[in-house]
Amino acid sequence: MTATGDRLPHSVAPHESDLAVRCAGLSKRFGYTLAVASVDLEVKSGSFVVLLGPSGCGKSTVLRLIAGFEVPDAGMVTIGGRLVVGVKSFVPPDRRWVGMVFQDGALFPHLTVAGNIAYGIRTSAERSSRVDELLDTVGLRGMGNRMPHELSGGEQQRVALARALAPRPTVVLLDEPFSSLDAGLRSRLRTEVRAILRQAGATAIFVTHDQDEALSLADEVAVMWQGRIVQRSTPQELYGSPASYEVAAFVGDANFLSGRADDGSVETELGILAATGAVTGTVHVLVRPEAVRVALDETSEIAVTDIEFFGHDRMYGVALPSGTRLKSRVAGESSIRPGDRVRLEITGPVITFPRASQ
Amino acid sequence: MLTLPAFTEGATITDPAPSRQQSLASRRSFAPDHGSLTVTPDLRISRPRIPLALAVPGTLVALAMLLPLTYLLLRAAGAGQEALSFLTSPRIAQLLWQTILLAGAVTLLAALLGVPLAWLTTRTDLPFRRFWSVLLVLPLAIPTYVGAFTLVAALGPRGLLQQALEGGFGIQRLPDIYGFGGATLALTLFTYPYILLTVRGAVLRLDPGFDQASRSLGAGPWITFLRVTIPLLRPSIAAGSLLVALYTLSDFGAVSLLQYDSFTRAIYLQYQGSLDRSIAAVLALVLVSLTGVILFAEAATRGRAKYYRSARSIESLPLYRLGRWVVPAVAFCAMTGLAALILPVAVLLYWFGRGLASSTVNFDSLWLPMISSASVSMLAAATALLAAIPVAILAVRHQGRFSATIERVAYASFALPGIVVALSLVFFGANFVPMLYQTLALLVFAYVVRFLPEAVGAVRSGLLQLNPRLEEVASGLGRRRHQVFLTITAPLIAPAALAGVTLVFMSAMKELPVTLLLSPIGFRTLATTTWNATAGGLYALAAPSALLLVILSAVFLPGLLTADRQAESEHVLDS
Ligand SMILES: Nc1ncnc2c1ncn2[C@@H]1O[C@H](COP(=O)(O)OP(=O)(O)OP(=O)(O)O)[C@@H](O)[C@H]1O
Ligand SMILES: [Mg+2]
């Protein structure tokens, strides 16, 4: 065990190294479950990376490997340029300078709010001023003397964040911190937390299975699937050109048709469409709902089955003669009713993914 | 160390146990093209080992616990042919049957009393709930041999009832209080609080979310109770029943006084009556095997589920309305309280009064035994807590073969009845450490050996209730392991630890066989004073120290309930 961890966090200043966290070949098995399979992940200092993936894909395990609560079976992790786990080395969690925020907050129930935040601050001279500063930052000024159970769920999560930021960690790991809050509070809090982290100049890895959360928050999204990272890109790229059929299905609303692709075009039941990608053969065709336009047409065989109204836009469900159902997202007013006959128009090129032979 | 057979060749890992993610998990594999995964044998990640600060004390505790059993095996191994043939004699079969019968009957009856009482006094609108919940735990303050003494002194030949009936009606014979019936009655009445307490603790720590989730899914209160609550309480019912069963197997005082022929009594008679102690050792070994089997069965059925309350459920538990069940419920509580507490105490008071009247009672002779009992028991409780902490932490937070072994050993000593521990340590002391023989140190050690599981159990359950994320957060914030323990773990498990300490203290106060055999010469405790007088048939002389023992235990009993009350007051705060 190498004991290189006695340095204080400021001595590993973020700009000393470009990367706050680097994982390479990180793997972890639980019995026969391969929870994390050779994950490579680089997180630049000051950036906000979201780890997105369905439940059970290994997101939490990656965070726990970085924080040192689990030991990988293979691979390595550096934090602030320092090897914390790898060949013949393991730095225990208390010397990694990683802040954690869990889903349930995990506040110390026997300490006050101030006591919780002060817990990780080593120098007693700094303690009270830093606690006040952080209480201000998270908007809980004057609540330092409350006990955790006297706080609402949202307030508890803010305290958890302040506590994690208190020792100025190299990176803050947030494991679905808002998933137990209601939707309104969640979206308000995530914008707020994003701002707080940016203001603190903190590097963050944020785990979620909520794609809206991922797309709205991230500088960069890493999509996990069955223990692997299958795509890393900006939110826009992820939405616009997903790396695989699974990613496409998971991120954003998606329509899928089957088709035969040939050199920039694909033949589907909607006719021949322009396609990106050089795939040929049997393919899945991804058509985003906003690329599907509908217009009333008495002669069409396509029927509107349902309408979901979202205020800013609406989503039509339509049934093709073959029985295939598609969704169409349309902004603004419209007089189309369920049962009406419509004509479809696809705007822009569609994306194709090779179809695994079955 | 770490070998990665499936990783090295890039082999496909299939999941033999289909899970909810089977379709995903079973196709997971390390594709050979991920070159970085080929791990050669020297490129191993060093695993953090179990910290020495836990491993060393844990090992020492386990070794100490093994001492009496080791002697027992040595003695039995050195037993002659006679002792071996004794092993297959009908006598052994008879003792086995009678002992199992007693333990089974007592455990069943104690559960039938303890579980409903725990429920009634915590989750229903039972009138005077606080009163009942205190009263019904108090029988724990009556040692079973004192309880047995009150049975004999009340219902036995020359007892109170007999005297009254003879005088008034000329009735000569009552149903015999000696034997199976009397022993079962005495042991049930004074051990059911173990189940009551463990189950009540679990009820109070139940996450109301479980209950409310079930109710909200349309299940009525009874269905919820049977389908949700009972399964959630199952570990605590099992733990309480285990305590009762093992208590019965190792009980010496009640079966001796009520002359029920079980193993402990046979061992004691054998030890006293013959020079060949190996036969006693053989008997003891059979008894130990029996308790071992029970422990094993409990461990095998203990669920792997971990329940801790999520920190965010802040509602208090709703109370069930008893409605027209209120009369039977109150009657049930009252009858239990009457039989297990009021009547025994009344009998003690009666004999105490008679002693006062005939001035057999000497108050001065009570002080010294009282101080002796209390101080030696306190030492034992504190030592047991210190020994229990590393064992419990290993068992809960560092699961693995090493920790499981240590925990098993710590619990296995619970399978050693007091009479066995006493025999072993008499021999060990006399032969190997004459310096310690007949000292308080050896007596305290024997108490710790006997009652460590109570302390481990309490600390362990406290740790299980503690969300491990709290400790992870704390170490993530840069605190070393021992700091995390002192600032987070210790304060949060303090109520549970205190309950454990109190349990050990009271057990030591009441302990009889070890105290009889291992007390330094002239060291008289309340237990030995009571026993000596009762054995001599001097009821009036036995009553004062017995009464004092009961009162003193009762005074410390609230400590046991602290953990419960803490949990309860949190609810009050929350609501
Ligand atoms: N301590 C453990 N023991 C055994 N299996 C585990 C353990 N922790 C995680 N797993 C398994 O590893 C896989 C990945 O778990 P992980 O908690 O990382 O998923 P996740 O992506 O965080 O899921 P969620 O979104 O539901 O939190 C799952 O199949 C899980 O069952
Ligand atoms: Mg998770």
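The values are calculated or read from the model by the stated rules, or taken from the named source; none is laboratory data. No experiment lies behind these values; they were computed from the predicted model shown. Cβ placement follows ideal geometry from the backbone for every residue including glycine, while neighbour counts extend to all protein chains displayed.
Residues in the stretch B:503-523 that are surrounded by fewer than 24 Cβ atoms within 10 Å (Cβ to Cβ) and among the polar types (S, T, N, Q) were compared, and the one that is nearest to residue B:556 (Cα to Cα) is B:507.
Please pick out the residue among B:458, B:441 that is closer than 18 Å to residue B:391 by Cβ and away from chain A (no Cβ under 13 Å).
Working: B:441 fails: closer than 18 Å to residue B:391 by Cβ.
On inspection, the qualifying residue turns out to be B:458.
Results for (1) in contact with a strand residue (DSSP E or B) (Cβ under 7 Å, 6 or more places away or on another chain); (2) more than 21 Å from residue B:467 (Cα to Cα); (3) among the charged types (D, E, K, R), shown as yes or no for each residue.
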residue: A:54; (1), (2), (3): no, yes, no
residue: A:66; (1), (2), (3): yes, no, no
residue: A:69; (1), (2), (3): no, no, no
residue: A:93; (1), (2), (3): no, no, no
residue: A:109; (1), (2), (3): no, no, no
residue: A:122; (1), (2), (3): no, yes, yes
residue: A:137; (1), (2), (3): no, yes, no
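Answer yes or no: is there a residue in the stretch A:117-125 that is within 25 Å of residue A:44 (Cβ to Cβ), under 29 Å from the mean Cα position of the chain (by Cα) and more than 8 Å from chain B (Cβ to nearest Cβ). Talk me through it step by step, then tell me what you get.
Start the filter on the stretch A:117-125 by keeping residues that are within 25 Å of residue A:44 (Cβ to Cβ), which leaves A:120.
Now drop any that are not under 29 Å from the mean Cα position of the chain (by Cα), which leaves A:120.
Next, only the ones that are more than 8 Å from chain B (Cβ to nearest Cβ) stay: none.
Within the stretch A:117-125, none of the residues are within 25 Å of residue A:44 (Cβ to Cβ), under 29 Å from the mean Cα position of the chain (by Cα) and more than 8 Å from chain B (Cβ to nearest Cβ).
If a residue must be within 7 Å of ligand 1 (Cβ to nearest atom) and either modelled with pLDDT under 90 or surrounded by fewer than 24 Cβ atoms within 10 Å (Cβ to Cβ) (or both), how many such residues does the stretch A:34-51 contain? Qualifying residue count, the stretch A:34-51: 0. Scanning the stretch A:222-247 for residues that are within 14 Å of another protein chain (Cβ to nearest Cβ), away from ligand 2 (no atom under 16 Å from the Cβ) and outside any strand (DSSP E or B) returns a single hit, A:246.
Per-residue answers, yes or no, for (1) touching a Phe, Trp or Tyr at 6+ places or on another chain (Cβ under 7 Å); (2) at pLDDT 90 or above:
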position	(1), (2)
A:1	yes, no
A:6	no, no
A:9	yes, no
A:22	no, yes
A:53	yes, yes
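Name the single residue that is farthest from the chain's Cα centre (by Cα) among those in the stretch A:205-217 being within 16 Å of ligand 2 (Cβ to nearest atom) and either more than 14 Å from chain B (Cβ to nearest Cβ) or in a strand (DSSP E or B) (or both). Only one residue tops the list, namely A:205. Specify the residue that is surrounded by the fewest Cβ atoms within 10 Å (Cβ to Cβ); the eligible residues are those in the stretch A:150-187 that are in contact (Cβ under 8 Å) with a residue 12 or more places away in the chain, more than 16 Å from ligand 1 (Cβ to nearest atom) and of a type in the set (D, E, K, R). Going through the qualifying residues, I end up with A:168.
Close contacts from the stretch B:353-381, counting a first residue that is exposed (fewer than 15 other Cβ atoms within 10 Å of the Cβ) and a second that is at pLDDT 90 or above, with Cβ to Cβ under 9 Å and a gap of 6+ residues or different chains, come to B:375/B:440. The residues on offer are A:43, A:39, A:113, and the sole one that is away from ligand 2 (no atom under 16 Å from the Cβ) and farther than 16 Å from residue B:470 by Cα is A:43. Considering the conditions (1) farther than 23 Å from residue B:399 by Cβ; (2) more than 14 Å from chain A (Cβ to nearest Cβ); (3) buried (at least 20 other Cβ atoms within 10 Å of the Cβ), residue B:477 is excluded by exactly one of them, (2).
In the stretch A:100-116, what residues are more than 10 Å from every other protein chain (Cβ to nearest Cβ) and either closer than 24 Å to residue A:207 by Cα or free of Cβ contacts under 8 Å to residues at least 12 places away in the same chain (or both)? If the condition is that a residue be more than 10 Å from every other protein chain (Cβ to nearest Cβ) and either closer than 24 Å to residue A:207 by Cα or free of Cβ contacts under 8 Å to residues at least 12 places away in the same chain (or both), then no residue fits.
When residue B:343 is tested against the conditions (1) surrounded by fewer than 23 Cβ atoms within 10 Å (Cβ to Cβ); (2) in contact with a Phe, Trp or Tyr (Cβ under 8 Å, 6 or more places away or on another chain), the lone failure is (2). Evaluating residue A:175 against the criteria (1) more than 14 Å from every other protein chain (Cβ to nearest Cβ); (2) charged (D, E, K, R); (3) touching a strand residue (DSSP E or B) at 6+ places or on another chain (Cβ under 7 Å) leaves one unmet condition, (1).
Pairing each residue of the stretch A:26-39 that is in a loop (DSSP other than H, G, I, E, B) with any residue that is more than 15 Å from ligand 2 (Cβ to nearest atom), provided the two are 6+ apart or on different chains, yields C-beta distances under 6 Å for A:32/B:15. Of the candidates B:253, B:240, B:292, B:220, the single residue that is buried (at least 21 other Cβ atoms within 10 Å of the Cβ) and more than 30 Å from residue B:537 (Cβ to Cβ) is B:240. Taking residues in the stretch A:43-72 that are of a type in the set (Lys, Arg), and partners anywhere that are near ligand 2 (Cβ under 9 Å from one of its atoms) and part of a loop (DSSP other than H, G, I, E, B), not one pair has Cβ atoms closer than 6 Å while being at least 6 places apart or on different chains. Here's a check for you: in the stretch A:52-86, which residue that is away from chain B (no Cβ under 14 Å) and within 16 Å of ligand 1 (Cβ to nearest atom) is nearest to the chain's Cα centre (by Cα)? Among residues in the stretch A:52-86 that are away from chain B (no Cβ under 14 Å) and within 16 Å of ligand 1 (Cβ to nearest atom), the one nearest to the chain's Cα centre (by Cα) is A:52.
No other residue among A:276, A:282 is more than 16 Å from residue A:320 (Cα to Cα) and at pLDDT below 85 apart from A:276.
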